[in-house]
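Q: Submitted below is the structure of interest, expressed as structure tokens.
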């Protein structure tokens, strides 16, 4: 019983450490940091949240972010599922090299590839559009999707596939009707990690949105001027957190499955 | 044993096409740029390995490499033991521990450019909670002009950001240990350290490998957060590798920037190679141990 007290203190300290910057952000988001119509500086109000919806650029950025992230998750799952199936079920020439290459791309710092990506994407008209960001984020998300899906597929016994094929299912039919339902939690976990890593990334998102198509992160950067409305910045930051918080809640029971390294 | 079938490559086609477009082509482009002097993109001329020579012999490169290595060492040195300790603690805390696990995951979903914004407003001496507290306590915290204060802020902020990753993975590994192991250890009179060393640590080694790898590459190449905090200052004291590279790109020195990028890429890939080899050896010795 004596051990309970230090543990409780440590838990409180940990919670305080994690919550402090969040508390600061929430506090400022409800404070008018610049004088607005009818609200004096320093007053507690909802003015910042109202100002978000009064600004077309900020509303557009919310939409842009959701579009590119959902597109990225879809791309990673569609390309990742067959690849993960291949790795879970077969050996083939170059399989280990391919996985090593995936790991290398996963850890390549975005700043290393940012210049050629910009040049390449400009030639294909992919700059200033959410499609460009969705594509480039596959660089680090597709390897993750493949690792996670592979570990979930490998846990399904091989007889499961064989029975379906004996029943006359084609490979696409087997994927849609049998495999995907069987590994639904794995699809959820893969989608979670792709969503989160794509949502928080800023280096590629910055270089690919020069004038248009800006996601939330870049819309917030654009708010910094010689007289920055920090309350508005913080209100946007809170908004940028909400999808991630929802995702954490959805995958809370499976969250740790995502990091089984495959080489 | 899985059957050998090279037709499996057909299933890899969509993934390969995507990775070729966003990974391989840009990488080959960087490699090509790194051997050229480029002022405008339509007028490049071949300079061979000149950029590489000047990088390898440049004191500025050595200094920022040392800073990046030091930062990675600090980040790992703080976050790894702390994360494992927190995971052990949360495991004992039962239901409350599972809720805390969700809380420590929250910083992971904060967009990276918001993290320095949040921390700078937190330590602001006029309006920030921590800043006001430090001023009241008489601590003169000055991250703008005192180098070690900038470093401290970066390490604390990075720990806030990434502690959750270490905790979640260590927690997952630890929660799979059957209670019988601990009971047997108690009967044998094992100390707390022995139980950690011989029961708990082996269970989380696999997860720790990937944590160390991800944490190493991300801290080694820290950019967004470090740039926003003090743009490499004061006086270049936090100019890490990626910040130096950012300067080159902004200065339109594409050939030199590409050579820098290749050097970083090679460092990162070499580290990954070492990790993969170590993981394989661990797996093989584990298999031998079971046989």
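Read-outs: derived from the displayed coordinates by stated rules, not from any lab. Quantities reported herein were computed from a predicted structural model and do not represent experimental measurements. Cβ: placed from backbone, ideal geometry, glycine included. Neighbour counts: every protein chain shown.
Q: Under a crude label model (7 Å from the Cα following the beta-carbon direction), how far is residue A:23 from residue B:205 in nanometres?
A: Each label point is offset 7 Å from its Cα along the Cβ direction, giving 4.2 nm.
Q: While we're looking at this one, here's another question. Under 8 Å for C-alpha pairs, at least 6 residues apart: give me the relative contact order for the stretch B:58-290, rounded to a whole percent.
A: Numbers: 208 pairs, mean separation 63.2, N = 233.
Normalised by residue count, the contact order of the stretch B:58-290 is 27 percent.
Q: Right, next: If one puts a single equal scatterer on every Cα of the protein assembly as shown and applies the Debye formula without solvent, what log₁₀ I(q)/I(0) results at q = 0.10 Å⁻¹?
A: The calculated log intensity ratios at q = 0.10 Å⁻¹ are -0.92.
Q: Grab the beta carbon distance between residue A:156 and residue A:40, set R0 = 60 Å, and tell me the FRET efficiency rounded to 0.05.
A: On the way: r = 62 Å, r/R0 = 1.04.
E between residue A:156 and residue A:40, to the nearest 0.05, is 0.45.
Q: Oh, and also: Using a basic spin-label model with each label point 7 Å from the Cα along Cα→Cβ, how many nm lie between residue B:98 and residue B:266?
A: So the label points at residue B:98 and residue B:266 sit 5.1 nm apart.
Q: When the chain is fully extended, how far beyond the present Cα-Cα distance does residue A:70 get from residue A:175, taking 0.36 nm per residue of separation?
A: Working: separation 105, 0.36 × 105 = 37.80 nm, distance 2.10 nm.
Difference between extended and current length: 35.7 nm.
Q: Have a look at chain A and give its Rg and Dmax from the Cα atoms, expressed in angstrom.
A: 22.5, 73
Q: Classify the stretch B:123-171: rounded, prolate or oblate, from the alpha-carbon gyration tensor (a ≥ b ≥ c, eigenvalue square roots; a/c under 1.5 rounded; otherwise prolate if a/b is larger than b/c)? Don't jump to the answer; show the numbers that get you there.
A: On the way: a/c = 3.43, a/b = 2.00, b/c = 1.72.
Prolate.
Q: Right, something else. When a/c is below 1.5 the answer is rounded, else prolate if a/b is larger than b/c, else oblate, so apply that to chain B with a ≥ b ≥ c taken from the square roots of the Cα gyration tensor eigenvalues. Write down the numbers at each step before the final one.
A: Working: a/c = 2.23, a/b = 1.20, b/c = 1.85.
Verdict is oblate for chain B.
Q: Here's something else I'd like to know. At residue A:224 and residue B:152, where each label point lies 7 Å from the Cα along Cα→Cβ, what is the point-to-point distance in nanometres?
A: With each label point 7 Å from Cα toward Cβ, the separation is 2.3 nm.
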